[in-house]
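S.K.: Dropping a structure here in structure tokens format, bear with me for questions.
The values are calculated or read from the model by the stated rules, or taken from the named source; none is laboratory data. Please read these numbers as outputs of a predicted model, since none were measured by experiment. Note that we place each Cβ from the backbone using ideal geometry, even for glycine, and neighbour counts take in every protein chain shown.
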Amino acid sequence: MSGTLDLNDQDTWMPAGWVFDNVLAQLGDELSASSPELARILREGITESSGGYVNLDIVSAEQLRGLLAALEIVRARTLAQGRSSFHVPEFFEGYIEQLNSLIEMVRRDERVAAP
């Protein structure tokens with residue numbers, strides 16, 4: 001099972017369900033103080049809650065920029081913890097690739113790219 005995050009009309013992120021859920025949970029934690037509404041949207045997208053669907057087409061440019069900052073923090077933390085922090089260390093690189101893919105997708109969204 002995979003999760004689906006619709007960022008905009010052109011970009012959809014569809015990783016394996018375990019990647020999706022872990023990334024959303026980490027982002028929800030990271031954003032809980034600074035952007036509680038976005039944190040709630042992300043947490044509600046976890047597969048157990050919604051079947052694994054999030055629509056971010058509705059969030060503001062400010063929220064999306066906050067999401068990008070949170071994604072970069074999550075990636076840095078995951079890299080610092082390293083492969084040994086994963087139950088199956090062989091999945092570490094794929095997890096990082098999926099994070100990188102989402103980060104690049106958010107960076108090119110016009111809401112973030114616009115001055």
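S.K.: When the residues of the range 90-115 are narrowed to those that are of a type in the set (A, V, I, L, M) and within 14 Å of A16 (Cα to Cα), which ends up surrounded by the most Cβ atoms within 10 Å (Cβ to Cβ)? Full working, then the answer.
M.R.: Filtering the range 90-115 down to residues of a type in the set (A, V, I, L, M) leaves 96, 99, 102-103, 105-106, 112-114.
Adding the requirement that they be within 14 Å of A16 (Cα to Cα) leaves 96, 99, 102.
On the way: I96: 14, L99: 21, L102: 24.
So the residue we want is L102.
S.K.: Hey, can you tell me all the residues within the range 14-30 that are assigned to a helix (DSSP H, G or I) and either touching a strand residue (DSSP E or B) at 6+ places or on another chain (Cβ under 6 Å) or of a type in the set (S, T, Y) (or both)?
M.R.: So the first thing to find is which residues in the range 14-30 are assigned to a helix (DSSP H, G or I), and the list is 17-30.
Hit for the range 14-30 is G17, nothing else.
S.K.: Quick check on the range 31-74: of everything there that is in a loop (DSSP other than H, G, I, E, B) and among the small types (G, A, S), which residue is modelled with the lowest pLDDT? Reasoning before the result, please.
M.R.: Going through the range 31-74, the residues in a loop (DSSP other than H, G, I, E, B) turn out to be 32-35, 45-46, 51-52, 56-60.
Still in the list and also among the small types (G, A, S): 32-35, 45, 51-52, 60.
Values: S32: 97, A33: 96, S34: 96, S35: 96, G45: 95, G51: 88, G52: 94, S60: 95.
It comes out as G51.
S.K.: Is it true that some residue in the range 34-45 is of a type outside the set (G, A, S) and exposed (fewer than 13 other Cβ atoms within 10 Å of the Cβ)? Show your work before the answer.
M.R.: Quick first cut of the range 34-45, residues of a type outside the set (G, A, S) only: 36-38, 40-44.
Going one step further and asking which of them are exposed (fewer than 13 other Cβ atoms within 10 Å of the Cβ), we end up with 36-37.
Checking the range 34-45: at least one residue is of a type outside the set (G, A, S) and exposed (fewer than 13 other Cβ atoms within 10 Å of the Cβ).
S.K.: Tell me yes or no: at least one residue of the range 77-89 is crowded, with 16+ Cβ neighbours inside 10 Å and under 11 Å from the mean Cα position of the chain (by Cα).
M.R.: So far as the range 77-89 goes, no, none of its residues is crowded, with 16+ Cβ neighbours inside 10 Å and under 11 Å from the mean Cα position of the chain (by Cα).
S.K.: I'm checking my understanding of the structure. Among residues of the range 36-55 that are touching a residue at least 24 places away in the same chain (Cβ under 8 Å) and more than 18 Å from G17 (Cβ to Cβ), which one is nearest to the chain's Cα centre (by Cα)?
M.R.: Selected residue: L38.
S.K.: Mind listing whichever residues of the range 80-99 are in contact with a helix residue (DSSP H, G or I) (Cβ under 7 Å, 6 or more places away or on another chain) and within 19 Å of L24 (Cβ to Cβ)?
M.R.: Narrowing the range 80-99 to residues in contact with a helix residue (DSSP H, G or I) (Cβ under 7 Å, 6 or more places away or on another chain): 83, 86, 89, 92, 95-96, 98-99.
Across the range 80-99, the qualifying residues are F86, F92, Y95, I96, Q98, L99.
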